[in-house]
Every structure is written in C-alpha cells, then in structure tokens.
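Chemist: Submitted below is the structure of interest, expressed as structure tokens.
The values are calculated or read from the model by the stated rules, or taken from the named source; none is laboratory data. Quick caveat, the model's predicted, so the values are computed rather than measured. Glycine also receives a Cβ, built like all others from the backbone with ideal geometry; neighbour counts cover every protein chain displayed.
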C-alpha cells in the first residue's frame, strides 16, 4: 500500500484548522491536497488525538496482514 505524504501530525493539524472555522476551499490548496482527501480524513479521524490515531493505524496494519 502506498504511504501517505502527510504525517499524522499534519492530518490532525489540518482537521483542527477546519474545526476552528477556516473554510475547506482555502484550507486544501494551502496544505497541498484535494478536498476529497480532507473529507475522507474528517470521516475517519475526526475527534481523535494523536495516540488514538496511531492505534487505529496499527490495527489497520494488523488486519491487513
């Protein structure tokens, strides 16, 4: 599977920027991503902290094996 070019910290920072009120149309070009990517992240990682996000990714890797 292809590795993401965004780190967990970058994903969480982007989601927090959107929660603060920054519009998605301005947020996506600033971070160099597509709006579909943002909405996929929001559906998957919204409300998570860094440690919980790491655990979810570990479980997904384990399931993939």
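Chemist: Of everything in the range 16-36 that's surrounded by fewer than 13 Cβ atoms within 10 Å (Cβ to Cβ) and assigned to a loop (DSSP other than H, G, I, E, B), which residue is modelled with the lowest pLDDT?
Modeler: 21
Chemist: A follow-up question, please. Test each condition in (1) outside any helix (DSSP H, G or I); (2) without any contact (Cβ under 8 Å) to a residue 12 or more places away in the chain for residue 63 and report the one that comes out false.
Modeler: The failed condition is (1).
Chemist: Based on what the data block shows, is residue 13 surrounded by 10 or more Cβ atoms within 10 Å (Cβ to Cβ) and either part of a helix (DSSP H, G or I) or touching a residue at least 40 places away in the same chain (Cβ under 8 Å) (or both)?
Modeler: yes
Chemist: Could you say which residue among 45, 39 is in contact with a helix residue (DSSP H, G or I) (Cβ under 9 Å, 6 or more places away or on another chain), surrounded by 12 or more Cβ atoms within 10 Å (Cβ to Cβ) and without any contact (Cβ under 8 Å) to a residue 24 or more places away in the chain?
Modeler: 39
Chemist: Another question about this same structure. Go through the range 13-36 and give me each residue that's over 21 Å from residue 3 (Cβ atoms) and in contact with a helix residue (DSSP H, G or I) (Cβ under 9 Å, 6 or more places away or on another chain).
Modeler: Listed by number, the residues that qualify are 17, 18, 22, 24, 25, 27, 30, 35.
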